[in-house]
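In what follows, a structure is listed as structure tokens, so that the remarks can point back to it.
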Amino acid sequence: MAVEERDAAAARDGAAAAPDIRLENVTKRFDDVTAVDDLSLTIDQGRFFALLGPSGCGKTTTLRMIGGFEEPTSGTILLGDRDVTGLPPYRRDVNTVFQSYALFPHLSIYENVAFGLRRKGVKGDDLKRRVGEALELVDLGDLGRRKPRQLSGGQQQRIALARALVNRPKVLLLDEPLGALDLKLRKQMQLELKGIQNEVGITFVHVTHDQEEAMTMADTIAVMNAGKIEQLGSPADLYERPETAFVAGFLGASNLLPGRLNGEGIVGLDGGGDVRVPASALAGRSGRIAVGIRPEKLRLAAGGAQADGENVLEGVVAERSYIGVSTQYVVETSAGPVTVYAQNAEPGAGQAASPGERVSLAWSPEATFVVDQHEEGTR
Amino acid sequence: MFLHRHPRLIPYLLLLPGILFLVVFFLVPMYYLGFTSLQSGDLFAGYQFTWAWDNYRDAFTLYQSHFVRSLKYAGLATLIAFLISYPLAYWIAFRGGRWKNLLLLLVIAPFFVTYLIRTLAWKTILADQGIVVDALRTLHLVGEDGRLLATTTAVVAGITYNYLPFMALPLYVSLEQIDTRLIEAAEDLYASSVRAFLRVTLPLSLPGIFAGTLLTFIPAIGDFINAELLGTPRQLMIGNVIQSQFKEVADYPQAAALSFVLMAGILVLVLLYARAVGSERATRSAA
């Protein structure tokens, strides 16, 4: 453990924010299908980086190209300063935690973890110690003699992690590593993975289609769609200021109200009425746009009570469903149906407005984002 | 009603047809075979049960060379079939793609023709005036008066050919089941392609190797068609001896004793083999 920590610390101090992985104009085509389309990406040393997107968006192909399991059709892949395009997986300083783990069924847990070290010529006491440390890191020090099939899904997952980390790679690739676990275990493993990444300080690149998983663990997320990166940023960036309708729809729920530019920091809604938005959100936009508001940022008020400077939309409650922590309303407005999540913070809060009642929806201009208008992603 | 009160009996009742079948078609014949093997007499005077252990002594002394030859031919044919089948099965399993089923069909295609006809066809192929011998003579791989038919080579080749699918199919099945991500994982963990094969693919295909070699070796060691059609008396195997003792000499007790010795020998060999390969490990890793 001590050695691992020292290595991690050295890595963090030595190469602060140096790029660890660089993809330059990488394209991958399978027959007629373009899986990854002219993708450029830089991932800094020590990051927990998530590639997030729906299935078929090219995230797994991107990961497999970094790992060396797929050759890019064009473009360059660099690890550190080294061009690894065209190198086989066994000549890259990268290890992978595979979807469904891919533990060797014929080898013991100990031998699974020792596999990479043995190939590198680590022997004797050194081997024993490092395998032991790796098993300790994932809290499974006493399972070395078992076979993979004697372990639960969660344990296999940890062994897969130990088997990769024991080699102290430059980069650890995780291909939907938690997909096969049940919800409760998944939540627990998300926190553990994050903790382990902090501990070892290795760059993690994590592929997932689960936005919550990506937001829990990653410090940087690239949202991918149709082989391209839609938006890259911190979880808060992506959630608070999505730049496209796709990102807004993929990370959480949002209301998108169509409209057009109507002056400095003002959008005129198609259904009538103006909405104030941060001027920065409108930079470089023109023509058909949509104003976005997250359902939990809307405040429901009976009548016309609102603070100065807030955006207001009038409507009639169409539906109300009580979910426990919050109550979910659908309000018919002139701009279309709007979803509102009202926190049930106080007793009786869930009954604030009944279906059929006229209400006004108020929200702060700062909580408003703007996307180009598309048909997709308006859920 | 009865079964409702005794649910534990259901599995045994389900086994009953199988057990009955084995009793009628395996245990009873085995009993008669054992019984016959200890008889003495001749076809005209009739055979009597006399505890004639001489039959077994003769089996070991008179026919020892046939046993040894059978062992050699079957072992050699199994080895060659393995060396041919493994790359074949590997290629179909991992590179066959959408042609997989067609390729498998081609592997078993010879079975659409009867065993005897296939072997007779080999007789034509290997004939002294046939194209194979001609070609080999042109290449000076065979002397001017050299021949293929009626040689050990022909018999072993015939056995190899006839039992090849029994080797190829189990190998294919075990290779096909291997999750290719395991091979990727090995390469990810710094194993070159060759190392990944030796450390992952080969051990995981062990159940197929075990099944394939047994399915080839066991019928091959008792084979008599290939030696009869493609060989000479110098290539006769133990199967030929049993056949002639039974059909031509009509010495049923001797034929029965030879059969028993052959069966016992195979059983011992299989047990030793299973020990060496570790069939428990082999079958487990398939799961």
| query | Considering the stretch A:81-130 alone, what residues qualify as being in a strand (DSSP E or B) and under 23 Å from A:Gln156 (Cα atoms)? | reply | A:Val94, A:Asn95, A:Thr96, A:Val97, A:Phe98, A:Tyr101
| task | Being closer than 23 Å to A:Glu230 by Cβ, surrounded by 18 or more Cβ atoms within 10 Å (Cβ to Cβ) and of a type outside the set (S, T, N, Q) narrows it down to one of A:Val338, A:Val247, A:Val331, so name that one. | result | A:Val247
| Condition test on A:Thr327, is it in contact (Cβ under 8 Å) with a residue 40 or more places away in the chain and of a type in the set (S, T, N, Q)? | no
| query | Does at least one position in the stretch A:166-179 carry a residue that is within 9 Å of another protein chain (Cβ to nearest Cβ), open to solvent by less than 10 Å² (accessible area, probe 1.4 Å) and outside any loop (DSSP other than H, G, I, E, B)? | reply | yes
| said: For the structure I just gave you, tell me whether A:Leu103 is within 28 Å of the chain's Cα centre (by Cα) and more than 9 Å from chain B (Cβ to nearest Cβ). | reply: no
| Inside the stretch B:148-189, can you point out the residues that are facing another protein chain (nearest Cβ under 8 Å), in contact with a Leu (Cβ under 9 Å, 6 or more places away or on another chain) and buried (at least 21 other Cβ atoms within 10 Å of the Cβ)? | B:Ala185, B:Asp188, B:Leu189
| message | Return the residues of the stretch A:72-98 that are at the interface with another protein chain (Cβ under 8 Å from one of its Cβ atoms) and crowded, with 16+ Cβ neighbours inside 10 Å; say none if nothing qualifies. | response | A:Pro89, A:Tyr90, A:Val94, A:Asn95, A:Thr96, A:Phe98
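Out of B:Val142, B:Val132, report the one residue that is open to solvent by less than 40 Å² (accessible area, probe 1.4 Å), touching a helix residue (DSSP H, G or I) at 6+ places or on another chain (Cβ under 9 Å) and farther than 30 Å from B:Ala255 by Cβ.
Just a single option satisfies the conditions, and that option is B:Val142.
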| field | Number of the condition not met by B:Thr153 [criteria: (1) without any contact (Cβ under 8 Å) to a residue 12 or more places away in the chain; (2) part of a loop (DSSP other than H, G, I, E, B)] | value | (2)
| request: State all residues of the stretch B:247-262 that are part of a helix (DSSP H, G or I) and open to solvent by 70 Å² or more (accessible area, probe 1.4 Å); if no residue qualifies, say none. | output: B:Lys247, B:Tyr252
| message | Given (1) under 19 Å from B:Ile92 (Cβ atoms); (2) more than 10 Å from chain A (Cβ to nearest Cβ); (3) surrounded by fewer than 19 Cβ atoms within 10 Å (Cβ to Cβ); (4) not acidic (Asp, Glu), identify the lone condition not met by B:Ser244. | response | (1)
| said: Condition first: more than 13 Å from chain B (Cβ to nearest Cβ) and modelled with pLDDT of 95 or more. Now tell me which residues in the stretch A:111-125 satisfy that. | reply: A:Asp125
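The values are calculated or read from the model by the stated rules, or taken from the named source; none is laboratory data. Source: prediction; values computed, not measured. With ideal geometry, Cβ positions are generated from the backbone for all residues, glycine too; neighbour counts draw on all protein chains shown. Heads up: the accessible areas ignore ligands, DNA and RNA and are worked out on the full protein's heavy atoms, side chains in. Shrake-Rupley method; radii C 1.70, N 1.55, O 1.52, S 1.80 Å.
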